[in-house]
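Comments concern the structure below.
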Amino acid sequence: MKAILDHVGIAVKDLSAALAFYRDALGLEIEAPEEVASQRVRAHFIPVGESSLELLEATAADSAIARFVDKRGPGLHHITLRVDDIHAALAQLKQRGATLIDEAPRPGAERSLVAFVHPSSAHGVLVELKQVVTSHEAGSGSREPRAASHISRYTLGDLELVSLFDGFFQLDGGAMFGVVPKPLWAKQTVPDEKNRILLAMRPLVVRGVRTMLIDAGLGGKDDRKFHDIYGVDRSRNLDHTLAEAGLRREDIDIVLATHLHFDHAGGFTTRDASGRVRPAFPRAQYVVRRGEWDDACHANERTRASYLVDNFIPLADAGVLQLVDDDQTIMPGVKVRRTGGHTMHHQMAIIESGGQTAAFVADLLPTTAHLPEPWILGYDLYPMDTLASKKAFYKEAIEKNTLVFFEHDPVVAAGYIREEQGKRRVLPARPGS
Ligand SMILES: [Zn+2]
Ligand SMILES: [Zn+2]
């Protein structure tokens, strides 16, 4: 295994005292801090040559860094080694009898996968392994830029696909995996102490003869209480990533909804200075499936919490709503297809150009961890329909080598489904291809 020293983590109790030493006395430059919401930690990186020092500041009393400082005082917390293939590295360590804190990699800062090795196996040092996953720099050997980009671009025939980002939120791990027992799903994705798992929101832009946005994330209308319940972190959001993609809100011609749940449709509308809620994309027509629209407008006791009327009723009021009744082409290269399952009229977008296919599958396959057929959201209203749609989709995606977008995966924006010796896996796609 080849490894590069990525950084040395130092747990800090009093950030200003630490800055007085590292920044002022040593004269080192400190980068803008990064929040790792899932760890309740703020990381301040100090580049030193090819590696960095990382000052770790707890943002909550229950964070691992706070507990570490309470127990042992501030000081050396971990070293991080960057590896090319973290799965292979973990397998090798396991085979040699090393004690692993993380049996499976989990999402870290800067779009990386990380896993910790127990200090008892590393002679008293906590060792973190890290693999950079979707960076443009991945595999090129150059240093990962600290201000990691949150968008990834792909070319599909004549179309450009840009995966955007509207931040993270957290949902109950049990609800995210339905009937799957926790000992199984917790190996794939590590929950926090409230049993929540980290999810991203990744709307997709399709640029062709027109510019389409598929889903729009959570948006910015919700209050503090809502953000607490759902562990929302929108410190990087759709405004930032649209700008990164070189787009203004008025550049969007069509907004397409896979369905109207708040984590997909929240960004459809915005509250202006006068408090009025209006369409967030001033020139866009909003395309919604009629059955989904009707169900959202007539929510029941089970579905009400997911359908927030401010996200969609203002579209009808503004006259920008276009309801479609069945599977059809929405713009050249982009078709909608009903999957059902998650909601009765949940739909995915199938994108085709130059003989290549991509699919924006939304909550049919929200993360790469949902790949096994029975790993179905507990939220799904018709799980047996999800099962049937997944089976049909996998067959087609493997045959056509479809580029699949994972709207809620915290790390992998897009990938290909591979089947080898009856076993399926997701091969993350390198942006640009
Ligand atoms: Zn949903
Ligand atoms: Zn969702």
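General remarks:
- Pairs are defined by a Cβ separation below 6 Å, a sequence spacing of at least 6 or placement on different chains, a first member in region 64-83 that is part of a strand (DSSP E or B), and a second member that is among the basic types (Lys, Arg); the pairs so defined are 80/130; 82/130.
- Residue within region 355-367 that is more than 25 Å from the chain's Cα centre (by Cα), more than 16 Å from ligand 1 (Cβ to nearest atom) and polar (S, T, N, Q) present: no
- Residues that are at pLDDT below 95 and within 15 Å of ligand 2 (Cβ to nearest atom) were ranked within region 369-412; the one that is surrounded by the fewest Cβ atoms within 10 Å (Cβ to Cβ) is 410.
- Filter result for residue 315 (farther than 18 Å from residue 351 by Cβ, within 16 Å of ligand 2 (Cβ to nearest atom), crowded, with 19+ Cβ neighbours inside 10 Å and not small (Gly, Ala, Ser)): no
- Of all residues making up region 47-63, the number that are under 26 Å from the mean Cα position of the chain (by Cα), surrounded by 15 or more Cβ atoms within 10 Å (Cβ to Cβ) and of a type outside the set (S, T, N, Q): 5
- If the condition is being out of contact with any strand residue (DSSP E or B) (no Cβ under 9 Å at 6 or more places or on another chain) and in a loop (DSSP other than H, G, I, E, B), then region 15-57 contributes 27, 49.
- Comparison of 288, 334, 320 shows that the only residue that is more than 15 Å from ligand 2 (Cβ to nearest atom) and in contact with a Leu (Cβ under 7 Å, 6 or more places away or on another chain) is 288.
- Pairs where the first residue, in region 387-399, is more than 16 Å from residue 347 (Cα to Cα) and the second is of a type in the set (Asp, Glu), C-beta under 9 Å, 6+ apart: 398/419
- Pairing each residue of region 113-125 that is over 13 Å from residue 93 (Cα atoms) with any residue that is of a type in the set (Lys, Arg) and part of a strand (DSSP E or B), provided the two are 6+ apart or on different chains, yields C-beta distances under 8 Å for 113/106; 113/130; 114/106; 114/130.
- Residues (closer than 29 Å to residue 234 by Cβ and surrounded by 15 or more Cβ atoms within 10 Å (Cβ to Cβ)) located in region 417-433: 426, 428, 429, 430, 431
Condition check ((1) of a type in the set (Val, Ile, Thr); (2) in the same structural domain as residue 77 (by TED's automatic domain parsing); (3) in contact with a His (Cβ under 6 Å, 6 or more places away or on another chain)) across all residues:
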{"residue": "17", "(1), (2), (3)": "no, yes, no"}
{"residue": "21", "(1), (2), (3)": "no, yes, no"}
{"residue": "33", "(1), (2), (3)": "no, yes, yes"}
{"residue": "36", "(1), (2), (3)": "yes, yes, no"}
{"residue": "42", "(1), (2), (3)": "no, yes, no"}
{"residue": "48", "(1), (2), (3)": "yes, yes, no"}
{"residue": "51", "(1), (2), (3)": "no, yes, yes"}
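- Residue that is farthest from the chain's Cα centre (by Cα) [pool: residues in region 174-207 that are in a helix (DSSP H, G or I), within 16 Å of ligand 1 (Cβ to nearest atom) and crowded, with 21+ Cβ neighbours inside 10 Å]: 177
- Of all the numbered requirements in (1) under 30 Å from residue 352 (Cα atoms); (2) touching a residue at least 12 places away in the same chain (Cβ under 8 Å), residue 248 misses one, and that requirement is (2).
- Being modelled with pLDDT under 70, within 17 Å of the chain's Cα centre (by Cα) and not assigned by TED's automatic domain parsing to the domain that holds residue 405 is a property that residue 147 has.
- Hits in region 148-173 (condition: under 22 Å from residue 241 (Cα atoms), not small (Gly, Ala, Ser) and not in a loop (DSSP other than H, G, I, E, B)): 153, 154, 155, 156, 159, 160, 161, 162, 168, 169, 170
- Filter pass, residue 89 being surrounded by 16 or more Cβ atoms within 10 Å (Cβ to Cβ), over 30 Å from residue 427 (Cα atoms) and in contact with a strand residue (DSSP E or B) (Cβ under 6 Å, 6 or more places away or on another chain): no
- Test: residue 344 is surrounded by fewer than 19 Cβ atoms within 10 Å (Cβ to Cβ), within 16 Å of ligand 2 (Cβ to nearest atom) and within 26 Å of residue 200 (Cα to Cα): yes
- In summary, no helices (runs of 4 or more DSSP H) completely within region 215-280 bear 3 or more residues that are of a type in the set (D, E, K, R), more than 21 Å from residue 349 (Cα to Cα) and within 16 Å of ligand 2 (Cβ to nearest atom).
- Selection status of residue 302, closer than 23 Å to residue 212 by Cβ and part of a loop (DSSP other than H, G, I, E, B): no
Table: residues versus (1) aliphatic (A, V, I, L, M); (2) in contact with a strand residue (DSSP E or B) (Cβ under 6 Å, 6 or more places away or on another chain).
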position: 361; (1), (2): yes, yes
position: 370; (1), (2): no, no
position: 377; (1), (2): yes, no
position: 380; (1), (2): no, no
position: 388; (1), (2): yes, no
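- Residue 263 meets all of the listed conditions (1) of a type outside the set (A, V, I, L, M, F, W, C); (2) modelled with pLDDT under 95; (3) surrounded by 21 or more Cβ atoms within 10 Å (Cβ to Cβ) but one, namely (2).
The values are calculated or read from the model by the stated rules, or taken from the named source; none is laboratory data. Predicted model, so just to flag it, every value in this text is computed and none were measured. All Cβ positions, glycine included, derive from the backbone under ideal geometry; neighbour counts span all protein chains shown.
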